[in-house]
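Taking it in order: structure first as structure tokens, then the write-up.
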Amino acid sequence: MRKMAGIGNPGILEAGMKQVMKVLWVLGIWGGLAAAPGVALAQEVADTVAAAAAPAVTEDWDALRAHAEKMRAQAKQMRNEAKAANAAAQKTCWEKFLVSSCLADAKQALRATEREAKRIEVEASEISRRIKAHEREVRQQKRIDDAPQRAAESARRAEEIRLKEEKAQQKAEKKQAEIDKRQQRKN
């Protein structure tokens with residue numbers, strides 16, 4: 001089974017979260033927004049990504065499924081907030097002297113946030129794939145475990161059918177014998 005990227009490696013997690021917090025802080029100031037919501041969102045994402053390691057060890061697949069959906073929702077929220085902040089930043093950039101530089105910085109910040117959102121979505125997809133693989137393994141194991149019972153049931157049904165056919169054959173032979181007797185009496 002493949003290991004999820006970033007999970008279990010605090011260095012990668014910290015570096016990614018520092019970048020996200022920096023981007024959100026920059027977007028928050030350019031867009032005229034308070035920096036605290038961006039930091040709070042970045043911290044929430046960091047908590048979610050860190051929490052991904054804990055359910056990965058457990059066998060609670062429903063919790064993993066819910067966690068993956070939560071990660072997807074967070075990525076979507078990050079994208080929406082980044083797009084709104086980018087739109088606000090573009091408005092304020094046109095009021096500055098170095099418009100091109102400001103617009104380029106806003107676009108770079110948007111891309112960085114979108115990369116982080118994509119990374120979170122990829123991790124959520126990895127969790128979903130692991131869940132589906134587990135469910136497939138459970139179904140296959142159940143089929144293997146039930147194989148002797150299904151074989152016995154199939155053999156029992158085959159025997160019932162054989163007995164019914166044999167009984168029908170005997171009945172048909174008996175009826176034919178009666179018809180032959182009647183024919184012989186008439187002659």
In this model, which of 76/96; 70/132; 142/164; 76/107 are farther than 23 Å apart at the alpha-carbon? 76/96; 142/164
Treating cross-link reach as a plain straight distance, find the aspartates and glutamates whose alpha-carbon is under 15 Å from the alpha-carbon of residue 167, omitting any fewer than eight places away in the same chain. 159
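No lab work stands behind these numbers, since they all come straight from the coordinates. Computed from a predicted model, the values in this text were never measured in an experiment.
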